[in-house]
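The values are calculated or read from the model by the stated rules, or taken from the named source; none is laboratory data. Note that the coordinates shown come from a computational prediction; the quantities given were computed from them, not determined experimentally. Positions of Cβ are backbone-derived with ideal geometry, glycine not excepted, and every protein chain shown enters the neighbour counts.
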Amino acid sequence: MQSDKKKYQRLIECDELDIDLARVLIRKKGIVKGTPHEGDIRRRVWGVFLEFLPCDTTVWKERVETYTQQYQNFVNDFYYNVKFPKTEILSILQKDTPRIFPEVQFFKDEDVIEAIQRILFVNCVFNKTLQYVQGWHEICAMMYYVFSNGQSDKTESEAMTYFGFTTFVLMFRDWFDKDCDDQVFGIRDCFRGIDIVLQMIDKDFFMFLKKNQIESECYAFRWISIFFIDNFSFEDSLRIWDVLLCDFCKKSDICLTIKCVATAMAVYKRDVWMKKEPNEVLHQLMNVCPTADEILVKANKFKKNSQKFKF
């Protein structure tokens, strides 16, 4: 059987990126630290997973050049144009972005912070309904980190991040718009899904939470509103996102993965929590900080039984 090392090498060397192979390699554990060409592979597969780059890598250069020119036009027309109104959004971005991932050296660079501000501001211009939602700066920052890896042309990295970020936000716009909370694939649908998975895999803990009025909408809101970024180390967050983006092509699939990851986090210390007071349980649930390995093993196990979940 071909070793995983050789399979990962194929993701770097072949003109046609084998997206099915990428999903097989990445779906269970993400791209584990120490994987050969880890950063290059992640940058390549995220672009394809997010569907703004095709599998045919021979057309990437031309495609990225087009994206970069489009994005630079947006930046010049809106961000650098002194006549274009900046509103209070830019002030909010300037407050939020310097606090991004303080433990990661990459984000101590002022040029990086300003690039993230530009991406988010241009997105606000075209996304007038939502403009900016708290937590987007972290999502955007993580994407910029990935698309900058190994790239000397930071202008291209910024453009790729913009198109990747806007694609992601468009997929989940119902989650960020309160008027859509109760729609199919709205954020409340995700909470209901977490309850269904939890009840199926651990009815005792589910009943314990219900008895003590600890609702998934309370403990899981922050988890899923920024897609688990704050509950893991930065490196582990990247791996969680590797796994999530494997299913980005179909909203029902990525939503199932999110529900399974959230449920895995909910039962992370269930034996300990069932012996504690309700207020303490809620606090610890909201602030749980597991490792990617611990959560992904459970989440994959739950997904194998997904045909039993009646959403």
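Summary table
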{"quantity": "Residue list for region 64-89, restricted to those being part of a helix (DSSP H, G or I) and of a type outside the set (S, T, N, Q)", "calculated": "Val64, Glu65, Tyr67, Tyr71, Phe74, Val75, Asp77, Phe78, Tyr79, Glu88, Ile89"}
{"quantity": "Hey, Val122 among the hydrophobic types (A, V, I, L, M, F, W, C), surrounded by fewer than 22 Cβ atoms within 10 Å (Cβ to Cβ), touching a residue at least 40 places away in the same chain (Cβ under 8 Å) and on the phi < 0 side of the Ramachandran plot or not", "calculated": "yes"}
{"quantity": "Some residue of region 254-274 being exposed (fewer than 14 other Cβ atoms within 10 Å of the Cβ), farther than 20 Å from Trp136 by Cβ and without any contact (Cβ under 8 Å) to a residue 24 or more places away in the chain", "calculated": "yes"}
{"quantity": "Criterion: exposed (fewer than 15 other Cβ atoms within 10 Å of the Cβ), of a type in the set (Asp, Glu), farther than 16 Å from Pro290 by Cβ and in the same structural domain as Lys250 (by TED's automatic domain parsing) - qualifying residue of Asp189, Asp182, Asp195", "calculated": "Asp182"}
{"quantity": "In region 203-253, residue nearest to Val297 (Cα to Cα) [restricted to those that are buried (at least 21 other Cβ atoms within 10 Å of the Cβ) and among the hydroxyl-bearing types (Ser, Thr, Tyr)]", "calculated": "Ser237"}
{"quantity": "Residue selected from region 54-85 under the condition surrounded by 14 or more Cβ atoms within 10 Å (Cβ to Cβ) and free of Cβ contacts under 8 Å to residues at least 24 places away in the same chain, by the criterion nearest to Lys7 (Cα to Cα)", "calculated": "Pro54"}
{"quantity": "Residue match in region 197-212 (condition: of a type in the set (S, T, N, Q), within 25 Å of Met171 (Cβ to Cβ) and modelled with pLDDT of 95 or more)", "calculated": "no"}
{"quantity": "Criterion (closer than 23 Å to Phe165 by Cα, within 24 Å of the chain's Cα centre (by Cα), surrounded by fewer than 18 Cβ atoms within 10 Å (Cβ to Cβ) and among the aliphatic types (A, V, I, L, M)) met by exactly one of Ile31, Ile41, Ile19", "calculated": "Ile19"}
{"quantity": "Enumeration of residues in region 70-88 that are under 26 Å from the mean Cα position of the chain (by Cα) and at pLDDT 95 or above", "calculated": "Gln70, Tyr71, Gln72, Phe74, Val75"}
